[in-house]
1. State whether segment 135-196 is rounded, prolate or oblate according to the following rule on the C-alpha gyration tensor (a ≥ b ≥ c being the square roots of its eigenvalues): a/c under 1.5 gives rounded; otherwise a/b larger than b/c gives prolate, and the remaining case gives oblate.
2. Would you work out the charge dipole size for segment 217-294 about its Cα centre, treating the Cβ of every Lys and Arg as +1 and the Cβ of every Asp and Glu as -1, and quote it to the nearest 20 debye?
3. Please report Rg (one decimal) and Dmax (integer) in Å for the Cα set of segment 182-312.
4. For segment 323-413, state the average projected area of the convex hull of the C-alpha atoms over all orientations, rounded to one decimal in nm².
5. Report the antiparallel proportion of the DSSP beta bridges in the chain as a percent, rounded to a multiple of 5.
6. Have a look at A298, N225, Y328 and report the one farthest towards the positive end of the charge dipole of the chain, computed about the Cα centre with Cβ charges (Lys/Arg +1, Asp/Glu -1).
7. About the Cα centre, and with charges only on the beta carbon of Lys, Arg (+1) and Asp, Glu (-1), how big is the dipole of the chain? Nearest 20 debye, please.
8. As I understand it, the dipole of the chain uses +1 on the Cβ of Lys and Arg and -1 on the Cβ of Asp and Glu, about the Cα centre. Which of G309, V63, F126 lies farthest toward its positive end?
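Just so you know, all these numbers are worked out from the coordinates, no wet-lab data involved. Keep in mind that this is a model prediction, so the values were computed, not measured. Because the Cβ atoms are built from the backbone with ideal geometry, glycine has one as well, and the counts that use them run over all protein chains shown.
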Amino acid sequence: MNIERPKTVMILGKGGREAALQWKLRQSPLVGNIMNTPSSLDLSNTDHVIQYAKDTNPDMIIVGPEELLVAGIVDAVQRIGIDIFGPTRAAAIEGSKTDQILFMQRHGIPHPRSVLFDRFDNARRFAANPLWVDRTDHYGLVVKADGLCKGKGVFVCSTYDEANEAIECLMVKEEFGEAGKRVVIQEKLEGVEVSCMALVDGERFLLLPFSEDYKQLFDGDCGPNTGGMGSVAPHPFLADRPELQDEILNKILRPTIAGLAHEGRPFRGCLYPGMMVTVDGPKVLEYNVRFGDPETEAVLPIISEDIFGPIAAIAAGQRLQMSRAAWYRPEVCVVVAMASSGYPEHPRGGDLIEGLDLAEKVYSAIVFHAGMTQNAANQWITDGGRVLMVAGRGRDIPSARANAMNAVGEIRFANMQFRRDIGLRRSKWHSK
Ligand code: AMP
Ligand code: GLY
């Protein structure tokens, strides 16, 4: 890479994750112009995206959303000679849960016990098996659509009726179309959920700080699942457990990278296994092949080194010098999502957002713009489910949380929704 001339970087994606990437890259002397995704660009149309890349010809593209990766954007952009950060279609295992399970079985990577189905009657019979009732008489099973469902294809079920309904929704009503025609049914695990992200060059990796996602809409992890209502980095449960961190690298991250390379689909990009740390050790719930959202918004603000170098090297097909962890400050970052009225089912747009200028002045907080746009009078209005991601930094969780909440407190829009307990999760596991 020619490091004398700052690079023009295009970031594909319109959410808080992409805003955080842009915030981080803007601090790099290696980066010149950063091109956002224009609101008119339809990211579900790969041909349009490629044409846009041809027309604007950036030095490098970073891909945010999984849909583009699974659709093969990386393969297509490489063919037109532009560097791109992300896995090829073959390596983008996020696209099929079945592929993920079979991959983990082949490589001995720990995961929940799982069975794959492509017939409704078999799936339903299997869900009725008393095997799913544990010794305390609790039913627990997870039904997952095989394909991408914008984060909505996973049903964590506590009764047979719930499981049956989930199977019906996917396989009979086909509410998610092709994506739900095959399902994975797996045991419901208990433990501490961990997000692990690493920038991978096909063989070596730069590990980003472990982080924690808050997926449910309401305080106390209640209510429907969302794209993520908040996050914390570094992960509080792992902070003083170096042996557990090593176990995650040795049992999950390294064998995943080696397994994909061995299968002739080396992974280049951000690999993000979502996992559950159980009494039997860490197990993979899902592979993501991109930066996590909202984890990225919590992780990047505490990283002290310039990560553009490794990103550019990986995008150019070059190698990292060695596998290591990214340098980060002895700080905590707490991210609070502010979501629009009706989120996640029917997010409402067009509500006026007030107080941004004051929020942006809160010391040690960063306001990442996500689902918002400007109206004809140049006022900010809501335009999506998660409107803003507010990141607070501090020496510990209470101070980081206070900084985030102070900024949140300045912002107002109609029927806004946010959680007040980000950073406060204390399961029975955390105290062990
Ligand atoms: P996934 O999209 O597979 O990461 O699943 C979404 C969420 O569902 C996860 O973040 C977990 O909270 C939950 N989940 C998925 N699989 C399981 C499982 N086997 N046991 C318990 N919870 C799960
Ligand atoms: N935070 C969950 C995800 O990015 O999939």
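1. The shape class here is oblate.
2. With Lys and Arg at +1 and Asp and Glu at -1, about 400 debye.
3. Over segment 182-312's Cα set, Rg and Dmax evaluate to 15.0, 44 Å.
4. Over every viewing direction, the Cα hull of segment 323-413 projects on average to 7.5 nm².
5. For the chain, the DSSP antiparallel bridge percentage is about 85.
6. Highest projection toward the positive end goes to Y328.
7. 600
8. Among G309, V63, F126, the one farthest towards the positive end of the dipole of the chain is G309.
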